[in-house]
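Student: Take this structure, written in structure tokens, and hold onto it; I'll ask about it next.
The values are calculated or read from the model by the stated rules, or taken from the named source; none is laboratory data. In this text the structure is predicted, and so the values were computed from the model without any measurement. Methodologically, a virtual Cβ is constructed for each residue, glycine included, from the backbone with ideal geometry; neighbour enumeration extends over all protein chains shown. For the accessible areas, the whole protein counts, side chains as well, though only heavy atoms, and no ligand, DNA or RNA atoms are used. Shrake-Rupley method; radii C 1.70, N 1.55, O 1.52, S 1.80 Å.
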Amino acid sequence: HEVWDYNGTDVFSKQSRFDVFFQVYSKEGLLYSKGKSLLADNGIYLTLIPSPQAMILSAVSLLAGRKKLKPVLVQANREDLQFIEFLVKEQKLAPQVSVTFRLDDIQEAQRCVESGHTVGKVVVLISE
């Protein structure tokens, strides 16, 4: 198993081949065209980045080729959110907050997110 930090290694320069590649985030969107070179024969490229492009490439990869693209669609539910709340209250999960903004500063918060340089979450306080 290998995990790469988006601030570190140039993932696409790796010579290794993997059975599964899981793309969680990217400022550039879906990177399947670059990432499929990292897949072993019959490898699977998973992505949390939903897009029309991902859906089309997924269908094409099912019909042609051994390397597959599989978008993963995630939907939160009350039970899962209550469990996360429990973990936070029990101090078993500590969200990393990079910076906090007041609602009046929402434009600055958006610029911060778009910069791609935050480590942790950008929080906007709706009311104080």
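Student: Can you tell me which residue among ALA94, ALA59 is open to solvent by less than 80 Å² (accessible area, probe 1.4 Å) and out of contact with any strand residue (DSSP E or B) (no Cβ under 8 Å at 6 or more places or on another chain)?
Tutor: Working: ALA94 fails: open to solvent by less than 80 Å² (accessible area, probe 1.4 Å).
From the options ALA94, ALA59, the qualifying one is ALA59.
Student: Inside the stretch 97-111, can you point out the residues that are open to solvent by 70 Å² or more (accessible area, probe 1.4 Å), within 22 Å of LYS27 (Cβ to Cβ), among the hydrophobic types (A, V, I, L, M, F, W, C) and part of a helix (DSSP H, G or I)?
Tutor: If the condition is that a residue be open to solvent by 70 Å² or more (accessible area, probe 1.4 Å), within 22 Å of LYS27 (Cβ to Cβ), among the hydrophobic types (A, V, I, L, M, F, W, C) and part of a helix (DSSP H, G or I), then ILE106 is the only one that fits.
Student: A follow-up question, please. So is GLU114 farther than 30 Å from LYS34 by Cβ and assigned to a helix (DSSP H, G or I) or not?
Tutor: Details: farther than 30 Å from LYS34 by Cβ: no; assigned to a helix (DSSP H, G or I): yes.
It is false that GLU114 is farther than 30 Å from LYS34 by Cβ and assigned to a helix (DSSP H, G or I).
Student: Is there any pair linking a residue in the stretch 18-36 that is of a type outside the set (S, T, N, Q) to one that is in a loop (DSSP other than H, G, I, E, B) and open to solvent by 80 Å² or more (accessible area, probe 1.4 Å), with Cβ under 8 Å and at least six apart or on different chains, and which?
Tutor: Pairs that qualify, where the first residue is of a type outside the set (S, T, N, Q) and the partner is in a loop (DSSP other than H, G, I, E, B) and open to solvent by 80 Å² or more (accessible area, probe 1.4 Å), are PHE18/GLU2; TYR25/TYR6.
Student: Restricting to the stretch 9-46, and then to whatever is assigned to a loop (DSSP other than H, G, I, E, B) and hydroxyl-bearing (Ser, Thr, Tyr), can you tell me which residue is nearest to SER115 (Cα to Cα)? I'd like the intermediate steps shown before the answer.
Tutor: So the first thing to find is which residues in the stretch 9-46 are assigned to a loop (DSSP other than H, G, I, E, B), and the list is 9-10, 14-17, 24-31.
Next cut, hydroxyl-bearing (Ser, Thr, Tyr) only: 9, 16, 25-26.
Working: THR9: 19, SER16: 30, TYR25: 14, SER26: 12 Å.
So the residue we want is SER26.
Student: Residue check: is GLU79 over 19 Å from the mean Cα position of the chain (by Cα) and open to solvent by 60 Å² or more (accessible area, probe 1.4 Å)? Even if it seems obvious, please write down each step before you answer.
Tutor: Working: over 19 Å from the mean Cα position of the chain (by Cα): yes; open to solvent by 60 Å² or more (accessible area, probe 1.4 Å): yes.
When the stated conditions are applied, GLU79 passes them.
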